[in-house]
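Peer 1: Quick one: the structure is below, and I'll ask about it shortly.
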2 protein chains.
Amino acid sequence: MGGKSTLKDLAKILNLSVSTVSKAINNSPEISDVTKDKVRSIALLNNYSPNKLAQSLKSQRTKTIGVIIPDVLMTFFAMAIHGIEQTANSYGYKVIICLSNESLEKEAESINTLVNGSVDGLIMSLSKETQSTNDYAHFEEAIRYNTPIVLFDRTSDLLICDKIKIDDTLAAKEATEHLLKIGCRNIIFLTTIYGTSVGEKRRLGYLQAIENTGVEDTIINIKDYAQFECILIEALKQGKIDGIVAADELSAISTIKYSIKHSYKIPEDISVIGFTNGVLGENFVPSLTVVDQHATMQGSLAAETLIKRLEKKIPVEPVHKVLKTSIIERESTLPLFYAK
Amino acid sequence: MGGKSTLKDLAKILNLSVSTVSKAINNSPEISDVTKDKVRSIALLNNYSPNKLAQSLKSQRTKTIGVIIPDVLMTFFAMAIHGIEQTANSYGYKVIICLSNESLEKEAESINTLVNGSVDGLIMSLSKETQSTNDYAHFEEAIRYNTPIVLFDRTSDLLICDKIKIDDTLAAKEATEHLLKIGCRNIIFLTTIYGTSVGEKRRLGYLQAIENTGVEDTIINIKDYAQFECILIEALKQGKIDGIVAADELSAISTIKYSIKHSYKIPEDISVIGFTNGVLGENFVPSLTVVDQHATMQGSLAAETLIKRLEKKIPVEPVHKVLKTSIIERESTLPLFYAK
């Protein structure tokens with residue numbers, strides 16, 4: 001055989017399954033020493049990705065964590081990376097980051113780039129496309145290389161691995177209940193992240209909160225920021241809206257900005273609550289009341305879980321950690337004692 | 001020899017310089033074929049990083065670009081990454097990102113992680129510590145592997161490579177002249193990025209603009225955001241400040257926020273201009289007048305330059321591109337026709 005062999009080639013020669021060959025090369029306890037030796041000799045003979053093999057034989061670690069996130073321009077993910085970096089560095093691990101740009105194909109490409117010897121494990125938040133198509137075939141490479149994965153924020157029940165997230169449904173329910181508590185009676189849910197698991201769960205939480213309260217549900221889904229002002233103001237004109245739950249930070253800020261522009265008073269006329277505790281909402285005037293998803297903490301916990309997994313310091317059962325969110329009250333919602 | 005050999009080991013055996021050995025392995029046209037063959041045989045015999053050697057022999061490319069930036073929470077860098085991604089992908093290249101967190105040591109670590117076979121070339125913006133110590137010894141690995149580097153934004157004259165940047169001195173001069181033009185006579189320069197090349201150059205530009213205008217120079221250097229409000233308001237009380245040039249986006253927004261809090265009117269009392277055309281300044285009320293450094297364009301040009309360098313489509317002389325900045329007038333400065 002001339003060039004490099006693949007796992008498939010080796011499996012064919014050995015008359016074994018790809019999975020068995022992979023496990024043998026990765027020194028899995030499921031495989032007998034006899035089979036391991038056979039596989040390794042054939043792998044060496046057939047020039048199977050020699051560096052990778054050498055690595056696995058020495059069980060050499062790169063002490064590097066790969067991170068794949070959808071977008072670096074979203075504050076939440078930038079903050080999560082910050083948390084991942086801090087914790088990884090404190091354990092002596094390095095971090096390399098790839099972006100999926102919300103695309104399944106780019107996510108797949110990033111997985112293949114990273115698991116191919118560069119990193120010991122992956123921390124990921126799924127792309128919009130992956131979540132909406134529910135297609136996880138591109139995780140095959142990571143599974144083949146036995147690369148541990150920790151999912152955070154945007155996770156999936158179809159992938160069996162460690163997961164760190166918040167309860168988005170509960171968080172949105174609490175945000176909506178906060179508006180109910182301060183006296184809002186016409187509350188709309190506004191989202192620009194339709195199609196993601198978190199966007200969908202937040203919508204559900206909003207619906208759960210207003211169920212049986214007599215408040216009618218109105219969901220505004222804005223796909224293009226160019227139409228934000230027009231769609232929002234049209235909605236404000238139709239009902240006497242006094243409360244808005246916005247599914248992310250920028251849409252909450254845009255809501256306030258355009259409402260003020262059209263002479264609505266925030267929070268006197270409309271109380272606005274958003275998601276993500278970032279610089280944008282913190283520094284805005286009026287400052288934004290937000291659901292804090294503890295982005296940095298999510299990143300930090302994801303890194304800690306992955307490192308413990310790599311160092312076999314946690315049980316084999318997947319870790320499923322659900323962080324409690326909190327509401328940070330600021331100027332964009334009426335204070336509780338103001339309740340109408 | 002037991003383990004893997006280093007270039008140094010090979011050089012010793014061959015009685016050649018490390019640089020010659022490196023060039024031979026990397027197939028440099030400066031080295032004769034005879035020497036190349038000799039070096040390669042010795043390298044193979046002595047188990048010199050076999051994968052690397054195999055790669056160079058086949059001149060195999062990873063088609064991956066490594067990016068090292070100081071901080072992902074700064075909008076400018078997040079936008080630059082966006083530009084790098086777009087352009088790299090359009091050329092069929094992947095991107096992996098490492099952060100230096102403004103530390104020389106982490107920058108060094110990132111270089112070593114990436115040049116070690118993962119990437120074909122590097123795009124970097126230097127860390128604060130690297131720039132203030134002017135120590136570039138940690139670029140040795142990249143040079144040894146003949147890894148092309150493109151610096152952007154925070155560059156250095158001491159590194160001979162492709163560079164994409166703006167003229168920070170001119171940009172700050174123009175920003176200050178803009179304030180002079182609208183009638184400001186007590187202009188301060190406010191910075192939180194002291195110690196970086198860009199921070200220093202912007203300070204110089206401010207000084208150049210007010211030279212011979214009779215305006216006194218006042219430079220406020222804030223190291224800790226916790227003291228921002230206190231230091232700013234103290235300065236505003238002392239002189240009749242009517243213009244502020246802030247060296248970055250967040251400090252400009254903070255300036256406006258605290259000025260308004262202390263009953264100063266923006267722009268009627270004080271005109272504020274900042275750097276970076278990001279979501280924060282665009283969405284703030286009043287919206288921020290900024291110097292647009294064309295972050296996305298800088299990233300995009302850096303990627304294009306690196307790819308052309310890798311594919312030998314540009315002359316060997318280093319590319320030095322200086323982008324023209326522009327001022328985006330918004331609500332935080334008096335309009336020109338208001339000029340007092």
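The values are calculated or read from the model by the stated rules, or taken from the named source; none is laboratory data. Just so we're clear, the structure is a prediction, and the values are computed from it rather than from any experiment. Glycine gets a Cβ as well: all are built from the backbone with ideal geometry, and neighbour counts include every protein chain shown.
Listed here are the residues, each with its yes/no results for (1) more than 11 Å from B:Arg330 (Cβ to Cβ); (2) facing chain A (nearest Cβ under 9 Å).
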{"residue": "B:His262", "(1), (2)": "yes, no"}
{"residue": "B:Pro267", "(1), (2)": "no, no"}
{"residue": "B:Leu280", "(1), (2)": "yes, yes"}
{"residue": "B:Val290", "(1), (2)": "no, no"}
{"residue": "B:Ala295", "(1), (2)": "yes, no"}
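Peer 1: Next question, about the same structure. All but one of (1) modelled with pLDDT of 95 or more; (2) closer than 24 Å to B:Val279 by Cβ; (3) in contact with a strand residue (DSSP E or B) (Cβ under 8 Å, 6 or more places away or on another chain) hold for B:Asp71, so report the exception by its number.
Peer 2: (1)
Peer 1: Follow-up. Look at A:Leu151 and say whether it is assigned by TED's automatic domain parsing to the domain that holds A:Glu107, within 14 Å of the chain's Cα centre (by Cα), within 18 Å of A:Glu107 (Cβ to Cβ) and not in a loop (DSSP other than H, G, I, E, B).
Peer 2: Answer is yes for this residue.
Peer 1: Right, next: Of the residues that sit in the range B:212-226 and are loosely packed, with under 11 Cβ neighbours inside 10 Å and closer than 17 Å to B:Thr191 by Cα, which one is nearest to the chain's Cα centre (by Cα)? Steps first, please.
Peer 2: Restricting attention to the range B:212-226, the residues satisfying the condition of being loosely packed, with under 11 Cβ neighbours inside 10 Å are B:212, B:214, B:224, B:226.
When the remaining residues are screened for being closer than 17 Å to B:Thr191 by Cα, the result is B:224, B:226.
Details: B:Asp224: 22, B:Ala226: 26 Å.
Selected residue: B:Asp224.
Peer 1: Then there's this: So A:Val322 passes all but one of these: (1) under 24 Å from A:Lys165 (Cβ atoms); (2) crowded, with 18+ Cβ neighbours inside 10 Å. Which condition number does it fail?
Peer 2: Status for A:Val322: all satisfied but (2).
Peer 1: Which count do you get for residues in the range A:86-124 that are assigned to a helix (DSSP H, G or I) and either within 15 Å of the chain's Cα centre (by Cα) or touching a residue at least 40 places away in the same chain (Cβ under 8 Å) (or both)?
Peer 2: The first filter runs over the range A:86-124 and keeps only residues assigned to a helix (DSSP H, G or I), leaving A:86-90, A:104-115.
Imposing the further condition that a residue be either within 15 Å of the chain's Cα centre (by Cα) or touching a residue at least 40 places away in the same chain (Cβ under 8 Å) (or both) reduces the set to A:86-88, A:104, A:107, A:110-111, A:114-115.
Adding up the residues that qualify gives 9.
Peer 1: Out of everything in the range B:250-264 that is outside any helix (DSSP H, G or I) and in contact with a helix residue (DSSP H, G or I) (Cβ under 8 Å, 6 or more places away or on another chain), what residue ends up being surrounded by the fewest Cβ atoms within 10 Å (Cβ to Cβ)?
Peer 2: B:His262
Peer 1: Taking the range A:227-249 as the region of interest, how many residues are among the charged types (D, E, K, R), surrounded by 15 or more Cβ atoms within 10 Å (Cβ to Cβ) and not in a loop (DSSP other than H, G, I, E, B)?
Peer 2: Looking only at that region, the number is 2.
Peer 1: Then there's this: Considering each residue of the range A:162-180, count those that are crowded, with 23+ Cβ neighbours inside 10 Å, not in a strand (DSSP E or B) and not small (Gly, Ala, Ser), and give that number.
Peer 2: 3
Peer 1: Scan the range A:87-106 for residues that are among the β-branched types (Val, Ile, Thr) and within 11 Å of chain B (Cβ to nearest Cβ) and jot them down. Break it down stepwise before answering.
Peer 2: Taking the range A:87-106 first, the residues among the β-branched types (Val, Ile, Thr) are A:87, A:95-97.
Across the range A:87-106, the qualifying residues are A:Val95, A:Ile96, A:Ile97.
Peer 1: Among the residues of the range B:181-196, what is the count of those that are among the hydroxyl-bearing types (Ser, Thr, Tyr), surrounded by 22 or more Cβ atoms within 10 Å (Cβ to Cβ) and outside any strand (DSSP E or B)?
Peer 2: Selection size over the range B:181-196: 1.
Peer 1: Against the conditions (1) touching a strand residue (DSSP E or B) at 6+ places or on another chain (Cβ under 9 Å); (2) modelled with pLDDT under 95; (3) farther than 24 Å from B:Leu323 by Cβ, where does B:Ile188 fall short? Just the number, please.
Peer 2: (2)
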